[in-house]
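Engineer: Handing you this structure, nothing more for now.
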Amino acid sequence: MNITVENIKCGGCAGTITKKLTEIFDTENIEVNIEQGIIDIDIDESKRGELTEVLLGLGYPKVDSVHGLDSAKAKAKSFVSCAIGKMDQ
């Protein structure tokens, strides 16, 4: 399944996303396309809602799913996730 999200800026972001999704969904088949903001993960379609919530919690909401203050909060969370991803590299 793939999902397009906002706020992916670099390899640090991709690293955080990959690490967290690997832990939660117990799969290593994850690809993050930084330029297009697309995450491709090998999990069942029935887990799309859970995937969307996890990504939002990390600061990477599904495209056009948050607006205004919620969008600003997601962006702030993504900066933290990005920094953590950079430190883990």
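The values are calculated or read from the model by the stated rules, or taken from the named source; none is laboratory data. Worth saying up front: this structure is predicted, and the values here are computed from it rather than measured. So basically every Cβ, Gly included, is an ideal-geometry build from the backbone, and we count neighbours across all protein chains shown.
Engineer: Given the criteria part of a helix (DSSP H, G or I) and either of a type in the set (Val, Ile, Thr) or more than 13 Å from the chain's Cα centre (by Cα) (or both), does Val54 qualify? I'd like the intermediate steps shown before the answer.
Structural biologist: Values: part of a helix (DSSP H, G or I): yes; either of a type in the set (Val, Ile, Thr) or more than 13 Å from the chain's Cα centre (by Cα) (or both): yes.
Considered against the rule, which asks whether it is part of a helix (DSSP H, G or I) and either of a type in the set (Val, Ile, Thr) or more than 13 Å from the chain's Cα centre (by Cα) (or both), Val54 comes out as yes.
Engineer: Suppose we filter Ile30, Ile17, Ile3, Ile39 for residues that are farther than 19 Å from Ser65 by Cβ, among the β-branched types (Val, Ile, Thr) and in contact with a Leu (Cβ under 9 Å, 6 or more places away or on another chain); which single one remains? Steps first, please.
Structural biologist: Working: Ile17 fails: farther than 19 Å from Ser65 by Cβ; Ile3 fails: farther than 19 Å from Ser65 by Cβ; Ile39 fails: farther than 19 Å from Ser65 by Cβ.
Residue meeting the stated conditions: Ile30.
Engineer: Here are some residues: Thr4, Thr27. Which one is of a type in the set (S, T, N, Q) and either in a helix (DSSP H, G or I) or modelled with pLDDT of 95 or more (or both)?
Structural biologist: Numbers: Thr27 fails: either in a helix (DSSP H, G or I) or modelled with pLDDT of 95 or more (or both).
The conditions single out Thr4.
Engineer: Give the number of residues within the range 67-89 that are at positive phi and not in a helix (DSSP H, G or I).
Structural biologist: 0
Engineer: Any chance the range 72-79 includes a residue that's in contact (Cβ under 8 Å) with a residue 40 or more places away in the chain and either surrounded by fewer than 12 Cβ atoms within 10 Å (Cβ to Cβ) or within 10 Å of the chain's Cα centre (by Cα) (or both)?
Structural biologist: Yes, the conditions are met somewhere in the range 72-79.
Engineer: Only one of Ile39, Ile30 is within 9 Å of the chain's Cα centre (by Cα), farther than 13 Å from Cys82 by Cβ and either β-branched (Val, Ile, Thr) or loosely packed, with under 15 Cβ neighbours inside 10 Å (or both). Can you tell me which? Give the derivation first.
Structural biologist: Values: Ile30 fails: within 9 Å of the chain's Cα centre (by Cα).
On inspection, the qualifying residue turns out to be Ile39.
Engineer: Could you give me the residue pairs with C-beta distances under 6 Å whose first residue belongs to the range 35-46 and is within 15 Å of Lys62 (Cα to Cα), whose second residue is among the charged types (D, E, K, R) and in a strand (DSSP E or B) wherever it lies, and which are 6+ apart or on separate chains?
Structural biologist: Once the first residue is within 15 Å of Lys62 (Cα to Cα) and sits in the range 35-46, its partners that are among the charged types (D, E, K, R) and in a strand (DSSP E or B) give Asp40/Glu31.
Engineer: Now, a different point. Do the conditions hold for Lys86, that is, is it modelled with pLDDT of 90 or more, surrounded by 14 or more Cβ atoms within 10 Å (Cβ to Cβ), in contact with a helix residue (DSSP H, G or I) (Cβ under 8 Å, 6 or more places away or on another chain) and of a type outside the set (Phe, Trp, Tyr)?
Structural biologist: Details: modelled with pLDDT of 90 or more: no; surrounded by 14 or more Cβ atoms within 10 Å (Cβ to Cβ): yes; in contact with a helix residue (DSSP H, G or I) (Cβ under 8 Å, 6 or more places away or on another chain): yes; of a type outside the set (Phe, Trp, Tyr): yes.
In short, no.
Engineer: If I go through the range 47-65 residue by residue, how many of them are within 13 Å of Asn7 (Cα to Cα) and free of Cβ contacts under 8 Å to residues at least 12 places away in the same chain? Steps first, answer last, please.
Structural biologist: Of the residues in the range 47-65, the ones within 13 Å of Asn7 (Cα to Cα) are 55-65.
Narrowing further to those that are free of Cβ contacts under 8 Å to residues at least 12 places away in the same chain: 64.
Selection size over the range 47-65: 1.
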